[in-house]
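Novice: Can you keep this structure in mind? I'll have questions shortly.
Coordinate-derived values only; no laboratory data. Please read these numbers as outputs of a predicted model, since none were measured by experiment. As a convention, Cβ positions derive from the backbone with ideal geometry for all residues, glycine included, and neighbour counts pool all protein chains shown.
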Amino acid sequence: MMKTGINNPILKTLFYALLIIWGISVLYPLLWTLLDALKDNGQFFLHSPWALPNLPLIWENFSYVWDKYNFGAYFVNSLIVTAGSTVLGLILAATTAYVLARYKFRGSGGLYLLYISSMMIPFVLALIPLFFLMNSMQLINTKIGLIMVYASSILAFGIFVLVGFFKSLPKELEEAAITDGASHYGTFFRVMLPLSQPGLITVAIVNILNIWNEYIVGTVLVNDPKQYTIPVEIGVMQAEMQYRTEWGPLFAGLFISIVPVLIIYIFFQRRIASGITAGAIK
Amino acid sequence: MNSRTEKRQRNLFIASFILPTLLFFGVFTIYPVVQGLYYSFFDWSGMSNKKTFIGFDNFKDMFHDPIVWRAIGNDYFLVAGKVIGIMAIATFFAVALTRFGFKMTGFFRSIFFIPNVISVVVIGVLWNFIYNPQIGFLNAFLSLFTKEQVTITWLGFTDHTIWMLLPPAVWAGIGFYMILLIAAIQSIPASYYEAACIEGAGQWRQFRSVTVPLVWEQIKVSVLNIMMTTLNGSFVIVWIMTEGGPDNSTQVMGSYLYQMAFRQFHFGYGASIGFIILILSLATTILLQRLMRHEAVEMS
């Protein structure tokens with residue numbers, strides 16, 4: 001039997017300790033966000049931020065941000081924008097990816113390269129023109145505007161992953177469909193699209209996380225408080241904390257924003273890890 | 001069906017699947033990027049339609065703007081700090097979770113990735129709270145060892161505050177690159193390690209002679225990716241935590257662009273900062289690719 005692993009007991013303990021410390025450094029802030037969301041203001045000034053919240057727990061902090069800070073409305077805004085742009089982006093990416101993966105035509109290589117190389121362009125470059133473009137289209141402060149921009153921003157990644165996915169599907173299936181008399185559209189919608197579900201789900205999940213968390217585009221394209229998404233509101237809220245101190249509600253707000261992504265992560269962690277890293281290997 | 005109509009149908013199909021996406025991408029991505037480059041040659045307050053063409057004057061002004069130089073310095077400080085910090089820790093964890101025969105590796109792997117699914121805004125706010133001078137975690141912790149309350153304003157130094165932004169950036173980045181490296185290490189055939197073992201190579205030797213050369217490609221990708229995401233996107237955490245302050249000392253190019261354009265309404269100048277970010281990012285990519293070209297080993 002080959003000897004593998006670490007045998008030196010001191011090193012082994014040390015390395016385990018490092019893993020555990022890092023694990024705590026990752027998990028503790030999450031726990032701490034929840035605990036601090038249950039404190040009243042006075043408890044923040046006791047100089048022991050690690051202390052458990054006093055009883056009774058201030059669950060009202062959650063209803064307070066939900067109503068008074070309008071987190072309820074922002075949550076809905078974020079949901080609509082995230083869902084809308086993910087669906088739109090996925091349709092646009094999947095159609096192009098399928099054609100690029102399966103049809104040869106003049107310019108197909110160049111088109112693929114255009115999408116892929118756009119991932120190298122700093123997005124911040126487009127920020128200023130985007131603001132004026134949306135302004136002239138009257139799409140500033142609208143969910144439609146955010147949906148369009150976000151959908152466009154996920155195209156390159158979606159096309160990259162889905163071209164790879166379509167290429168990995170066996171060609172025989174399409175050939176069979178075509179001999180059965182299916183049209184190009186029929187082959188795509190009835191055969192290829194259902195088969196590519198795993199790829200589509202991976203791309204969708206990664207995009208959902210990115211858009212739910214997106215801050216800077218939201219800040220630039222939305223300044224009407226009615227249209228804020230959750231990250232935009234958190235940015236505003238923390239800036240306001242300099243004038244009024246409502247730490248409990250702030251942490252309740254942070255927690256509300258983290259919960260959905262954590263749930264998605266718990267259910268889809270393998271896909272998320274493989275999907276996100278796929279985008280890095282260009 | 002004759003082949004002519006068939007061909008037409010095929011072309012129609014291709015067009016209907018390509019053009020809407022391309023149109024959309026053109027309007028909301030390509031057009032703004034090209035516009036961004038174009039605006040950088042104008043003096044423009046954004047308030048009116050009056051743009052004055054000034055050629056390279058924005059770039060000349062940038063050359064004499066000390067904040068630009070500071071911002072570029074900060075950008076590369078963050079690039080260097082993140083590359084070293086993230087690569088060292090992520091590589092260590094990747095090796096520890098694949099080659100050391102440890103238990104519960106799946107658990108650690110899932111946990112370590114969590115910061116990568118959390119919004120940068122949330123990470124920035126959390127770390128702001130850690131650094132908060134009155135009620136923050138760090139000062140409260142240090143106060144355990146002192147007689148008096150520690151009240152250091154961690155984000156208020158006129159020098160070196162940029163150092164404070166490194167821990168959140170490294171902390172948030174580890175999981176992603178660890179997963180990338182774990183996948184690479186797991187694809188190395190076990191026989192390579194067995195052969196190394198037979199020749200008496202210990203863990204350190206195996207790491208240097210087997211692991212590093214065979215995952216060099218992924219190490220390269222990681223370094224390039226850290227560099228690009230830092231130059232292109234690190235300004236969000238800077239903006240949330242310090243807004244580039246105090247006194248512009250933590251400004252990076254992205255945050256300076258945002259401030260110039262959307263706070264001070266120098267849109268032309270902001271656009272030219274964007275132009276420089278693009279050039280720096282491409283130039284550094286080429287440079288790093290040159291530097292790291294050797295050493296790659298093809299797996300046969």
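Novice: Residues with beta-carbon under 15 Å from that of residue A:143, excluding residue A:143: net charge, scoring Lys, Arg +1 and Asp, Glu -1?
Specialist: Numbers: positive: A:226; negative: A:214, A:224, A:233.
So the environment of residue A:143 carries a net charge of -2.
Novice: Mind pulling the per residue volume of the convex hull built on the Cα atoms of segment A:26-151? Å³ is fine.
Specialist: Working: hull volume 25.5 nm³, N = 126.
Each residue corresponds to 202 Å³ of Cα convex hull volume.
Novice: Please compute the Kirkwood hydrodynamic radius over segment B:1-89, one decimal place, Å, based on all pairs of different Cα atoms. Working shown, then result.
Specialist: Numbers: mean 1/r = 0.0548 Å⁻¹.
For segment B:1-89, inverting the mean 1/r across all distinct Cα pairs yields 18.3 Å.
Novice: Please name which of A:5, A:71, A:188 has its Cα lying farthest along the dipole of chain A towards the positive end, using unit charges on Cβ (Lys, Arg +1; Asp, Glu -1) and the Cα centre as origin.
Specialist: It is A:5.
Novice: Could I ask something else about it? Hey, could you grab the Kirkwood Rh for segment B:186-252? Inverse mean 1/r over distinct alpha carbon pairs, Å, one decimal.
Specialist: One decimal place: 15.0 Å for the Kirkwood radius.
Novice: Another question, then. Please give the peptides B:279-289, B:61-71, A:203-213, B:219-229 ranked by average Cβ packing (other Cβ atoms within 10 Å per residue), highest first, as a rough proxy for protection. Please report the intermediate quantities before stating the final value.
Specialist: Values: B:279-289: 14.4, B:61-71: 15.9, A:203-213: 23.1, B:219-229: 21.4.
Highest to lowest by the protection proxy: A:203-213, B:219-229, B:61-71, B:279-289.
Novice: Sequence neighbours fewer than 8 away in the same chain don't count; with that in mind, list the aspartates and glutamates whose C-alpha is under 17 Å from residue B:220.
Specialist: B:295, B:298
Novice: Quick query: amide H of residue B:42 versus all other amide H atoms, modeled in the peptide plane; which residues come in under 5 Å with a sequence gap of 5 or more or a different chain?
Specialist: B:54
Novice: If you don't mind, there's one more thing I want to ask. Rounded to two decimal places and with Rh computed the Kirkwood way over Cα pairs, what is Rg over Rh for segment A:143-268? Show your work: numbers first, answer last.
Specialist: Values: Rg = 20.7 Å, Rh = 17.7 Å.
Expressed as Rg/Rh, it is 1.16.
Novice: Tell me, rounded to the nearest percent, the portion of alpha carbon pairs in the protein assembly as shown spaced more than 37 Å apart. Mind showing how you got there, number by number?
Specialist: Values: 65318 of 169071 pairs.
I get 39 percent for the Cα pairs in the protein assembly as shown exceeding 37 Å.
Novice: Roughly how many whole Å is it from the C-alpha centroid of segment A:76-119 to that of segment B:49-78?
Specialist: Their Cα centres are 34 Å away from one another.
Novice: To the nearest 20 debye, what is the magnitude of the charge dipole of the protein assembly as shown about its Cα centre, counting +1 on the Cβ of each Lys and Arg and -1 on the Cβ of each Asp and Glu? Provide the component values of the computation, followed by the final result.
Specialist: Numbers: 35 positive and 28 negative charges, 307 e Å.
The calculation lands at about 1480 debye.
Novice: Now for a different question. Using +1 at the C-beta of Lys and Arg and -1 at the C-beta of Asp and Glu, which of B:131, B:262, B:185 has the Cα lying farthest in the positive direction of the dipole of chain B?
Specialist: Among B:131, B:262, B:185, the one farthest towards the positive end of the dipole of chain B is B:185.
Novice: In whole Hz, what ³J(HN,Hα) sequence does segment B:8-14 give by Karplus (6.51, -1.76, 1.60; θ = phi - 60°), x for Gly and Pro?
Specialist: 5, 4, 4, 5, 4, 4, 4
Novice: For segment A:216-225, in order, what is each residue's ³J(HN,Hα) by Karplus, 6.51 cos²θ - 1.76 cosθ + 1.60 with θ = phi - 60°, in whole Hz (x at glycine and Pro)?
Specialist: Those phi angles translate into 6, 5, x, 5, 6, 8, 10, 10, 8, x Hz.
Novice: Relative to the Cα centre, what is the charge dipole magnitude of segment A:61-280, using +1 at the beta carbon of each Lys and Arg, -1 at the beta carbon of each Asp and Glu, and rounding to the nearest 20 debye? Mind showing how you got there, number by number?
Specialist: Values: 12 positive and 10 negative charges, 83 e Å.
Dipole size: approximately 400 debye.
Novice: Rounded to two decimals, what is Rg over Rh for segment B:56-291 when you use alpha-carbon atoms and the Kirkwood radius?
Specialist: Details: Rg = 21.0 Å, Rh = 19.9 Å.
For segment B:56-291, the value is 1.05.
Novice: A further question follows. Along each of the three principal axes of the Cα atoms of chain A, give the extent in whole Å, ordering the values from largest to smallest.
Specialist: 74, 70, 34
Novice: Residue by residue through segment B:82-94, what is 3J(HN,Hα) from phi via Karplus (6.51 cos²θ - 1.76 cosθ + 1.60, θ = phi - 60°)? Round to whole Hz and write x for glycine and proline.
Specialist: 6, 4, 5, x, 5, 5, 4, 6, 5, 5, 4, 5, 4
Novice: Right, next: Would you kindly state how much longer the chain becomes between residue B:216 and residue B:38 on full extension, computed as 0.36 nm times their sequence separation minus their alpha carbon distance, in nm to one decimal?
Specialist: Numbers: separation 178, 0.36 × 178 = 64.08 nm, distance 3.88 nm.
Computed gain between residue B:216 and residue B:38 is 60.2 nm.
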